[in-house]
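The values are calculated or read from the model by the stated rules, or taken from the named source; none is laboratory data. Note that the coordinates shown come from a computational prediction; the quantities given were computed from them, not determined experimentally. Quick reminder, even Gly has a Cβ in these numbers, built from the backbone with ideal geometry, and neighbours come from all protein chains shown. All accessible areas refer to the heavy atoms of the entire protein, side chains included, with ligands and DNA or RNA removed. Shrake-Rupley method; radii C 1.70, N 1.55, O 1.52, S 1.80 Å.
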Amino acid sequence: MQLNKLETSKNIENEAWQALENSILYYKGQPVGTVAAYDSSVEALNYDQCFIRDFVSSALIFLIKGRTDIVKNFLEETLKLQPKEKALDAYKPGRGLIPASFKVVSANGEEFLEADFGEHAIARVTPVDSCLWWLILLRAYVVATKDPSLAYQPEFQTGIRLIMDICLANRFDMYPTLLVPDGACMIDRRMGIYGHPLEIQVLFFAALRAARELLICKGNEDIVEAIDNRLPLLCGHIRQHYWIDINRLNAIYRFKGEEYGKTAVNLFNIYADSLPYYELDKWLPKKGGYFAGNVGPSQMDTRFFTLGNLMAVISDLSTEEQSQAIMNLIEKRWEDLVGDMPVKICYPALQGEEYRVVTGCDPKNIPWSYHNAGSWPVLMWMLAAAAVKTKKPQLAEKAIAIAKVRLSEDEWPEYYDGKKGRLIGKQARKYQTWTIAGYLLALELIDNPDYLPLISFDKLPPDVVSRACEFEVGNIDPYINL
Ligand code: GLC
């Protein structure tokens, strides 16, 4: 019997729901999260754990469907895992951290949760993004339930404060961005994203905004003031120094180097020869632009990183013009960034000597594979959210139509390889939960744009914007409309 299109879509959706249901992790009889992948055909490693960043996709879809209990349990239990005291041992997680993942273990007939702060993870990577995602999710829970009482509980207020304490601590550098080691986020392997990677900065921005909304001012005046000081500077810094479009590329191409002192224009001493400017000259559409992957001393990583750029649109870190330019770039460079499976995690791939030096010869990250420009279906929900926000839902619809049948036929892989994303990832798990949840979430966001406020933020208040503009006013690039 031939199924019509609508029936096929419904069947795929039902299958996705069933798979998501199967991934739920129970603790003392209560749902508390979802495992990263439910694939018994390969060794589990840590894919049988609940990852904080992975769970966000599941959590948002649960919130949309009114399954708020599981999200509440998750927030409460992960908060308990957050160390509340200063670590005396430098190998132990510091105060305020939220783990990368956790699992349920049983001993003497009792269940408890065991957290991994990166001390068991491959390469011992630090999950900086966990505490940022946790805050973003707590705020989504408050938006969904229209009830701030969970966030206002003293334990939650302390938890938020402790996260803000590590984020806003005294430090060595003097940028408003966060300085982090390589692999501190979704890309949790060596990929040359140490320093000030876009993904962390954008999540930091969203987390600061979430904390600002959720912290009760009384008793937290100092933190609230610190957030108010940091937000405009962070925003101005990213909007100005990370932005790349053809005008900006022209400016950088003609930058002078070795400038000293207050009047310097090329603040970070970027040498144009370090950029692939001929490729960019060809690749950048007239009206397109994006935020660079990383900016630091004599460093500008011109790779396009999808999560950071899409979340910049969603969290309103980008200006209206920049958001439109990012979406325009995705539309005009569809074959490169979306191809046959939405969406590339970054573009282009590191190749040859650069691949060897930057990844440390990582066989999982060979060019056009995994983190090195592989395609990750989970990113589809962020594409959908950004598309809805910029009033270009047709982009997300097109992406969903490409992904739908393949995802189900291929059993919901974690990622795809190849320049066009036509190969199931060499080491991809099947039934990867955030692939499944990301697909369902993308559908919901397109069908009902009213769900967008769960994850999106409004325009920054005018006083914050004007302070973002004041930032290094003498050096503002004339092309950037802050
Ligand atoms: C891989 C991904 C990471 C994800 C984890 C579990 O390590 O790089 O982002 O959280 O798998 O799915």
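Just one residue in the set Ala44, Ala16, Ala59 is open to solvent by less than 80 Å² (accessible area, probe 1.4 Å) and either more than 16 Å from the ligand (Cβ to nearest atom) or of a type in the set (Phe, Trp, Tyr) (or both); that residue is Ala16.
Being under 20 Å from Ala169 (Cα atoms), in contact (Cβ under 8 Å) with a residue 24 or more places away in the chain, of a type outside the set (Lys, Arg) and more than 16 Å from the ligand (Cβ to nearest atom) is a property that Leu88 lacks. Quick check, is Tyr431 open to solvent by 20 Å² or more (accessible area, probe 1.4 Å) and touching a Ser or Thr at 6+ places or on another chain (Cβ under 8 Å)? It is true that Tyr431 is open to solvent by 20 Å² or more (accessible area, probe 1.4 Å) and touching a Ser or Thr at 6+ places or on another chain (Cβ under 8 Å).
Residue-wise test of (1) among the β-branched types (Val, Ile, Thr); (2) surrounded by fewer than 18 Cβ atoms within 10 Å (Cβ to Cβ); (3) outside any helix (DSSP H, G or I).
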residue	(1), (2), (3)
Val265	yes, yes, yes
Asn269	no, yes, yes
Asp281	no, yes, no
Lys287	no, yes, yes
Met300	no, no, yes
Val313	yes, no, no
Gln322	no, no, no
Met327	no, no, no
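Candidates in the range 154-178 are the residues that are open to solvent by 60 Å² or more (accessible area, probe 1.4 Å) and over 21 Å from Ile52 (Cα atoms); of these, the one that is modelled with the highest pLDDT is Pro154.
Take the range 1-49 and flag every residue that is basic (Lys, Arg) and either in contact with a strand residue (DSSP E or B) (Cβ under 8 Å, 6 or more places away or on another chain) or in contact (Cβ under 8 Å) with a residue 12 or more places away in the chain (or both).
Lys28 - this is the single residue of the range 1-49 that is basic (Lys, Arg) and either in contact with a strand residue (DSSP E or B) (Cβ under 8 Å, 6 or more places away or on another chain) or in contact (Cβ under 8 Å) with a residue 12 or more places away in the chain (or both).
Flag: Leu178 does not match the condition of being within 16 Å of the ligand (Cβ to nearest atom) and not β-branched (Val, Ile, Thr).
Considering each residue of the range 50-67 in turn, at least one proves to be in contact (Cβ under 8 Å) with a residue 12 or more places away in the chain, outside any helix (DSSP H, G or I) and under 17 Å from Glu111 (Cα atoms). One residue stands out among those in the range 289-298 that are buried (at least 23 other Cβ atoms within 10 Å of the Cβ) and more than 16 Å from the chain's Cα centre (by Cα): the one that is nearest to Tyr271 (Cα to Cα), which is Val295.
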